[in-house]
Every structure is written in C-alpha cells, then in structure tokens.
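One structure is given here, and the rest of the page talks about it.
The values are calculated or read from the model by the stated rules, or taken from the named source; none is laboratory data. Note that this is a predicted model, so its numbers are computed, not measured. Glycine also receives a Cβ, built like all others from the backbone with ideal geometry; neighbour counts cover every protein chain displayed.
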Amino acid sequence: MTQESATERVAILDFGAQFGKVIDRRIREASVYCDILPLSTTAEELKRKGYNAIVVSGGPNSVYSPIAPKYDPEIFTLGLPVLGICYGFQVINKEFGGTVGREPHREDGQTVIHVDNNSDLFYGLDHDQKVLLTHGDSVLQSTVAPGFKVIASSGNLVAAIGNKEKEIYGVQFHPEVDLTESGAEMFENFLRRIAKLEATYTMDNRQEMCIDEIKRVVGDKNVLVMVSGGVDSAVCCALMTKALGADRIVAIHIDNGFMRFNESDGVMVALKELGVRIHRFNCVEDFMNGTFVDKNGVQTPPLKKTVSPEDKRRIIGDTFITCKDRIVKELNLSTDMFLAQGTLRPDLIESASSIASGFADTIKTHHNDTALVRELRELGKVVEPLKDFHKDEVRELGRTLGLRREIVERHPFPGPGLAIRILCAEKPFVDESYEETKRGIQKVADEFGSGITATLLPIKSVGVQGDCRSYSYVAALSTNERPIPWTALHQIAKIIPNRVLNINRVVYVFGNVVEEEIKDITVTHLNEETVKELQKADHVVYNILAGKTFDEGKNNNLDKIIDKIQQMPVISVPVHFDRRNGETSKKRSIVLRPFITRDFMTGKAALPGTDIPEEHILAMDVNIRKQVENISRVLLDLSGKPPGTTEWE
C-alpha cells in the first residue's frame, strides 16, 4: 500500500519529540495509515491531500522560546480532529488563549494521573492511569484556554484538555510509549470515536513494500552489508538477500574488538547458516587508534585515549566507514556499490537525523548515523530498508523472513559494542553544584527513614529529560537493611531526578552501606585490560540469565530468565568503593541494567523480586566479584527511560 492508495490518512506534524516517531507505530497498530510531515506543512497542503486527522507531536522547546518551531495556525481551523501531545498540547492551549508556565519541579517518568472517562478520549478506561510525563513547562487549572475542559490531571497540574465541539484534544503525557499503559486504547479512541475512521489498513504488506523500495533504490547495483550479528543487521541482511538474491550481496563483519566474549565467532556461524557470503576482518588496531575531526577542524585524541562519549561514538562510526572502504579495495569490489545498514528509527531519532526529525535534540550519536554516513546518504549510496521500523517490528519482520528464534529474540547490543559501556574518565566530575546536589539526594532518601544512604558519584551518564539530552551526576543508594527494601529504593529512584534536576540516573550499591564520600575516580581508558574486564562480567551476567554456569554448562540452581527482560547492558564505571587510609582509586565497579521495554524508546528498570527473580541478581553480584579481578562493587541501575537512557553513554 502506498500513500496514494490509502483511503484514510493521519498527518503527524513533527515538533522534534524523542518519542514522537513512535506515534506512527501506534497509529499503524490501530490499522490506520499515517505520514510524518515537517512542521512547516501548511493547512492548505493538509486539506489538498485529504488528511482525515492531525496529531501534533511533542518537542524539546518552550512555546515561548524565540527559537520555537514555527507552524501554520490555520491547521486548527480546518475542522479536522486534532490530538496534541506534550509540546503539542501546550501549543494548543496557547493557540486558543491559555498560558503555559514553568513550575518548580519537573515531571519525568511514569506517573499516575486521574482522567475523566466521560471524555471520548478516555472512553472505557479506569479513572487512574499510569502514563509517561516528561516536561518542565506546565498548564494549571487557572491557565487552561477558554472553551477547553480539563479531562485529566496530575496533582495540581493539567494532564489533558479537550474541546468536544471542535474535536481538538491535548495531552501533556506521551500516549505513544509503553509507559503509558493504556496508550493504545487512547489512540483507538481518538481515531475511531473522535475522528470516526474505519481503520482498515493492515501491515501484511510491509515486507513487500520494503522489497519494492530496495529494488527501486538499488537498481542493478550490488550491495555491501555491514553485519554485526545483532537482530537489526541480521534482518537487514536477510531482507536484502531476499530482495536481490545472494549473488548481489557481499556481507562483511568487522571485529572492532568491543564484541561480547567469543561473539564474533558466533556471528560467523549464524550468518553462514543463512547462506550469507560473509567475510570477517580484524580491525581492532584501526579502532583503538581511530580519530575524527570535528566541525571546528579539531582532531580528537585516538579512541584509546578518548573519554567523551560522543567523541567515542563518532570515532567508532567513522572508523567503520574507513575500514569498509579499505576492505572494498582488498576484496577488489566495485566502488559503485550501495552500503546497506540495519538502521532503525530510534537510532535516527536519538541522533537527531533529518531523516527522522527536523527539530529533535541529539541524545547520542549512533555509529550508523555519523557525519560520514550522512555524507554517503547525500550521495545516494546508502540503503536502509528498516529506517521506518522500531525494534519490535524488526523482530516481527525477521520471523516472517524465517530467521532463527535465537537471532530474532536476542537482546540488542549497541553497534559500538562494549566501548560505550566502559565509562572512561581522567578526572572526577565535581562542579559548583556538587554540595547542593549531594544534600538534595540525601534529603529525598531521608524521607524514607534513616536506613538508606545516598552517595553522589563524581561521574556523568547520558540521559533524556524533557526531550533533551542531559549529561549528569549519578546518585547511589545503599543500606544495611535486609531483605533489601526494593520498593522503597525504587520509589526514591523515581523521586530524585524530579527533585534534584542535575541527576538523571539512580543506582543501588550491593553490600553494606557506603560510608565514605567518593570524590575521585580510577583513571580509565579503552584498552585490552578494561575490555576483557567487562567481557568477563558481561559473560557472567548473560550465562545467569540463560540458566548456565560460567563455562556454559546447565545451571541446576538458577532457571533461564532471559525472556523476562528485553535488555541487560552491563557497564563498567571508574568508581572504587571501600578505600581506607588514603588508598588511591584503582578499581572499577560493574553496573547491571535489567531493562523492560517494547518500543525501545522508553522503558523501566526491572525490579528484583517483582520483574526479575532476586536470586538471579544476587548471583550476578557474587559471581562477578568472584570471576572478575579488580572489581570493587556491583551496582543495579534503578532508572527508567526517561530520565536515564538505556545505555550510559
């Protein structure tokens, strides 16, 4: 099905929300065709193309900012049903005469709101709804636009408004993500009850549409596919092979040195089983010594001496391309080939790629969306058949292509590999807000009794707050209380980032309460020692999830639980606890990040004893410290996304 053949269509106007591109998936799941359009799209164009409804996305700006994106206000006078989300909600309120203000506290994370289920938007839903809120600007009861009714609230803040006569609705929260538990039903209500669409579009032909696009873009050229062994590149490779035939596909696996334990060997076996002609190249030294030149003409240090997470990602992405160019020459391949990548929509959103959004804030640069990749796109040399897909949709496509379950269902692994799971640092992060931040996190912990200590760690992790990138402190909770009070720790972890604005991540520290202040770090770079350290820790964690022993035999004491979570990043941080008498910082700690998600744009931390068996998490703590040298303590990430990203860098 093409845009021209769709009889019912919804226009999504893009304000640059990190979650906004999940809107298209929600609408497709409701059996309605949709297009993501630039915010500059005029009302006349929407009318001429026959759209039946409009969704206005969220975005990172303030409606009063002088650099706020411009839009055609006539879109609200077309007589079409409109749903505004987050920033879109604020635009609607302002456009119709209400105001928006900045309140003392942010709302970041899953929150319970109260809805009026007499409203068509919330028809059939319970009064209390768990939703994702992530915003700084807010609307109060007293500042709602005339003619609009408050149909949902979060404490004293307005969470949704509606004008039944105009069929215009706005929600401060994000119904498109999984953390809004009834979000799909809200979209169904908007599309069917309010917009009165018949909803007859199906997704059965998406594979056919992808194959048609591949043939159209590639023509009679051959294609070079970069395969990591992850689900995205494997599905991309299988799809390209089905579209063009194996003879026109050359697959290369570049070993960058940052793969999981023995993973490159497994990649080769799995892809050869698919009939893929795959070549393996060891490029470890290329990556370790790789650099890149920024827009100001400044060259970075080599990767092995780089500490900036953004620089690490850019170096790795560019080095993939330079290695690819050299390999093309070594294999005597034609330079007139297309490069195929398994790039997904979330990659492009977080990289603020113009393909996904014109206004999104850069959260992190993905290795498949660096400046060099964008240059190749501009030359028309890149084919990315999965660019409009989300992770769950890729898995579904992989199943229809006949890929093995263990490939389709494997946990995602970042293209840069373990390189961005090792927090590199040469000095502690201690700025002018350190003391105030330290007091702020302990004040929150004290509200839950005297048994929990909050320690500020002098390191930074990447987060996403209010659709913008944050690069902030990490708060660490510890206690001597047993059993471990997971519920209280989880509640504290949700409150701290909302109260203490330069915290985007909260962890629990296994073991006894942390008694000493941490104000320095273990100098850490990417090298053989730090990579092997993390490979071992990651191997321990994976085997416990898979119900195996360290040497991969069956574990008779622990069941397989890998299907209970969708991701489990294991991160090395340069923090040495429990030092005495002026001992220097020389050890690192390991962070566990069990994560539950479906859309891979938002999610929640898996809580021991509730979402994942506590005995497995405790076994990870014990076995990491037993099997891996130079480890100080093991930590558990309690942060949702937002405010913390899935990965730490």
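Would you check if there is a residue in segment 36-56 being out of contact with any Ser or Thr (no Cβ under 6 Å at 6 or more places or on another chain), aliphatic (A, V, I, L, M), in a helix (DSSP H, G or I) and farther than 15 Å from residue 14 by Cα? Let's see the steps before the verdict.
Initial filter on segment 36-56 (out of contact with any Ser or Thr (no Cβ under 6 Å at 6 or more places or on another chain)): 36-56.
Retained after the next criterion (residues that are aliphatic (A, V, I, L, M)): 36-37, 39, 43, 46, 53-56.
Then keep just the ones that are in a helix (DSSP H, G or I); that gives 43, 46.
Filter again for farther than 15 Å from residue 14 by Cα, leaving none.
The answer is no; no qualifying residue exists.
From the list 232, 212, 178, which one is assigned by TED's automatic domain parsing to the domain that holds residue 322 and charged (D, E, K, R)?
Details: 212 fails: assigned by TED's automatic domain parsing to the domain that holds residue 322; 178 fails: assigned by TED's automatic domain parsing to the domain that holds residue 322.
232 is the lone residue from the list that is assigned by TED's automatic domain parsing to the domain that holds residue 322 and charged (D, E, K, R).
Which numbered condition trips up residue 150, out of (1) surrounded by fewer than 24 Cβ atoms within 10 Å (Cβ to Cβ); (2) touching a residue at least 40 places away in the same chain (Cβ under 8 Å); (3) of a type outside the set (S, T, N, Q); (4) out of contact with any Lys or Arg (no Cβ under 6 Å at 6 or more places or on another chain)?
(2)
Do we find that residue 432 is more than 13 Å from residue 505 (Cα to Cα), of a type in the set (Asp, Glu) and in contact (Cβ under 8 Å) with a residue 60 or more places away in the chain in this structure? Give the derivation first.
Values: more than 13 Å from residue 505 (Cα to Cα): yes; of a type in the set (Asp, Glu): yes; in contact (Cβ under 8 Å) with a residue 60 or more places away in the chain: no.
The answer is no for residue 432.
Looking only at segment 110-128, decide whether some residue is in a strand (DSSP E or B) and closer than 18 Å to residue 19 by Cα.
Looking only at segment 110-128, we keep the residues that are in a strand (DSSP E or B), and these are 110-115, 128.
Still in the running and closer than 18 Å to residue 19 by Cα: 110-111.
Yes, because at least one residue in segment 110-128 is in a strand (DSSP E or B) and closer than 18 Å to residue 19 by Cα.
Just checking, does segment 512-532 include any residue being crowded, with 17+ Cβ neighbours inside 10 Å and under 22 Å from the mean Cα position of the chain (by Cα)?
No, every residue in segment 512-532 fails to be crowded, with 17+ Cβ neighbours inside 10 Å and under 22 Å from the mean Cα position of the chain (by Cα).
State whether one or more residues within segment 138-146 are surrounded by fewer than 17 Cβ atoms within 10 Å (Cβ to Cβ), part of a helix (DSSP H, G or I), of a type in the set (Ser, Thr, Tyr) and touching a residue at least 24 places away in the same chain (Cβ under 8 Å). Quick ask: steps written out before the conclusion?
Within segment 138-146, the first condition is being surrounded by fewer than 17 Cβ atoms within 10 Å (Cβ to Cβ), and the residues that meet it are 140-143, 146.
So of that shortlist, the ones also part of a helix (DSSP H, G or I) come out as 141-143.
Narrowing further to those that are of a type in the set (Ser, Thr, Tyr): 142-143.
Still in the list and also touching a residue at least 24 places away in the same chain (Cβ under 8 Å): 143.
Looking for residues that are surrounded by fewer than 17 Cβ atoms within 10 Å (Cβ to Cβ), part of a helix (DSSP H, G or I), of a type in the set (Ser, Thr, Tyr) and touching a residue at least 24 places away in the same chain (Cβ under 8 Å), one finds at least one in segment 138-146, hence yes.
Residues in segment 169-195 that are outside any helix (DSSP H, G or I), within 20 Å of residue 642 (Cα to Cα) and of a type outside the set (Asp, Glu): how many? Break it down into steps so the answer makes sense when it comes.
Let us first name the residues in segment 169-195 that are outside any helix (DSSP H, G or I), namely 169-182, 195.
Remaining after also requiring within 20 Å of residue 642 (Cα to Cα): 171-182.
Add one more test, that the residue is of a type outside the set (Asp, Glu), and what stays is 171-175, 177, 179-180, 182.
Looking only at that region, the number is 9.
Condition first: within 24 Å of the chain's Cα centre (by Cα), surrounded by 17 or more Cβ atoms within 10 Å (Cβ to Cβ), of a type outside the set (Asp, Glu) and outside the structural domain of residue 102 (by TED's automatic domain parsing). Can you find one or more residues in segment 193-207 that meet it?
Scanning segment 193-207, I find at least one residue that is within 24 Å of the chain's Cα centre (by Cα), surrounded by 17 or more Cβ atoms within 10 Å (Cβ to Cβ), of a type outside the set (Asp, Glu) and outside the structural domain of residue 102 (by TED's automatic domain parsing), so the answer is yes.
Mind listing whichever residues of segment 32-71 are within 25 Å of residue 185 (Cβ to Cβ), more than 23 Å from the chain's Cα centre (by Cα) and at pLDDT 90 or above?
32, 51, 52, 53, 54
Restricting the first residue to segment 313-334 and requiring it to be in the same structural domain as residue 254 (by TED's automatic domain parsing), which pairs with a second residue that is surrounded by fewer than 14 Cβ atoms within 10 Å (Cβ to Cβ) and among the β-branched types (Val, Ile, Thr) meet a Cβ separation below 7 Å and a spacing of at least six or different chains?
328/335
Rundown of residues vs (1) at pLDDT below 90; (2) in contact with a helix residue (DSSP H, G or I) (Cβ under 6 Å, 6 or more places away or on another chain); (3) closer than 30 Å to residue 530 by Cα, yes/no style:
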| residue | (1), (2), (3) |
| --- | --- |
| 248 | no, no, no |
| 269 | yes, no, yes |
| 272 | yes, no, no |
| 282 | no, no, yes |
| 288 | no, yes, yes |
| 306 | no, yes, yes |
| 311 | no, no, yes |
| 317 | yes, no, yes |
| 326 | no, no, yes |
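Go through segment 275-327 residue by residue and tally those that are within 21 Å of residue 264 (Cα to Cα) and among the hydroxyl-bearing types (Ser, Thr, Tyr).
2
Can you report the number of residues in segment 493-508 which are touching a Lys or Arg at 6+ places or on another chain (Cβ under 6 Å) and modelled with pLDDT of 95 or more? Talk me through it step by step, then tell me what you get.
Going through segment 493-508, the residues touching a Lys or Arg at 6+ places or on another chain (Cβ under 6 Å) turn out to be 498.
Remaining after also requiring modelled with pLDDT of 95 or more: none.
Of the residues in that region, 0 qualify.
Quick one: residue 145 ticks every box in (1) in contact with an Asp or Glu (Cβ under 9 Å, 6 or more places away or on another chain); (2) within 21 Å of residue 188 (Cα to Cα) bar one, so which box is it?
(2)
Rundown of residues vs (1) free of Cβ contacts under 8 Å to residues at least 24 places away in the same chain; (2) touching a Lys or Arg at 6+ places or on another chain (Cβ under 8 Å), yes/no style:
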site: 239; (1), (2): no, no
site: 256; (1), (2): no, no
site: 268; (1), (2): yes, yes
site: 273; (1), (2): no, yes
site: 278; (1), (2): no, yes
site: 290; (1), (2): no, no
site: 296; (1), (2): yes, no
site: 303; (1), (2): no, yes
site: 310; (1), (2): no, yes
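Of the conditions (1) β-branched (Val, Ile, Thr); (2) crowded, with 21+ Cβ neighbours inside 10 Å; (3) closer than 22 Å to residue 155 by Cα, residue 82 clears all except one; give me its number.
All conditions pass for residue 82, except number (3).
Pairs needed: first member in segment 73-95, in the same structural domain as residue 24 (by TED's automatic domain parsing) and small (Gly, Ala, Ser); second member anywhere, modelled with pLDDT under 95 and assigned to a loop (DSSP other than H, G, I, E, B); C-beta distance under 8 Å; at least 6 residues apart or different chains.
Close Cβ pairs (under 8 Å, with a partner that is modelled with pLDDT under 95 and assigned to a loop (DSSP other than H, G, I, E, B)) amount to 88/15; 88/57; 88/58; 88/59.
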